[in-house]
Amino acid sequence: MNRLQIQSLSAINGYILLVFYTSGKCWQFRLINFDGSVYGSQQIFYSPEPARVAGISWVNNDK
């Protein structure tokens, strides 16, 4: 069974940045915009900080 752990939720430039852990895919991020659309990649990170930095980069580059 995959376990989900939310590390952080941050509001950045109109997006919510979610950093989370699953036992199957390690650390990842997702961005949620004002209309509820969810963006992200399937890239795997081995700690939460690189996932957070990648999410911030997506926001700054408008995905």
Relative to the chain, whose Cα atoms define the longest principal axis, helix 48-60 and its Cα axis are tilted in degrees, nearest 10, by 20 degrees
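What is the magnitude of the charge dipole of the chain about its Cα centre, with +1 placed on the Cβ of each Lys and Arg, -1 on the Cβ of each Asp and Glu, and no other charges, expressed in debye to the nearest 20? Spell out each step's value before the answer.
On the way: 5 positive and 3 negative charges, 39 e Å.
Magnitude of the dipole: close to 180 debye.
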With θ taken as phi - 60° and the coefficients 6.51, -1.76 and 1.60, list the Karplus ³J(HN,Hα) couplings across segment 32-43 in order, rounded to whole Hz; mark glycine and proline as x.
10, 9, 4, 9, x, 5, 10, 10, x, 10, 8, 4
How long are the semi-axes of the equivalent ellipsoid of the chain, taking √(5λ) for every eigenvalue λ of the Cα gyration tensor, in whole Å from largest down?
19, 12, 10
Can you tell which of Gln7, Phe34, Gly24 lies farthest toward the positive end of the dipole of the chain, using +1 and -1 charges on the Cβ of basic and acidic side chains (Lys, Arg; Asp, Glu)?
Gly24
Over the chain, with neighbouring protein chains present, the accessible area per residue in Å² at probe 1.4 Å is 65 Å²
When the accessible area of the chain is computed with all protein chains present and a 1.4 Å probe, what percentage of it is carbon and sulfur?
54 percent
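The values are calculated or read from the model by the stated rules, or taken from the named source; none is laboratory data. All of these numbers come straight from a predicted model, not from anything done at the bench. Here the Cβ is made from the backbone with ideal geometry for all residues, glycine too, and neighbour counts use every protein chain on show. Each accessible area value is taken on the protein alone, full model and side chains, heavy atoms only, with ligands, DNA and RNA left out. Shrake-Rupley method; radii C 1.70, N 1.55, O 1.52, S 1.80 Å.
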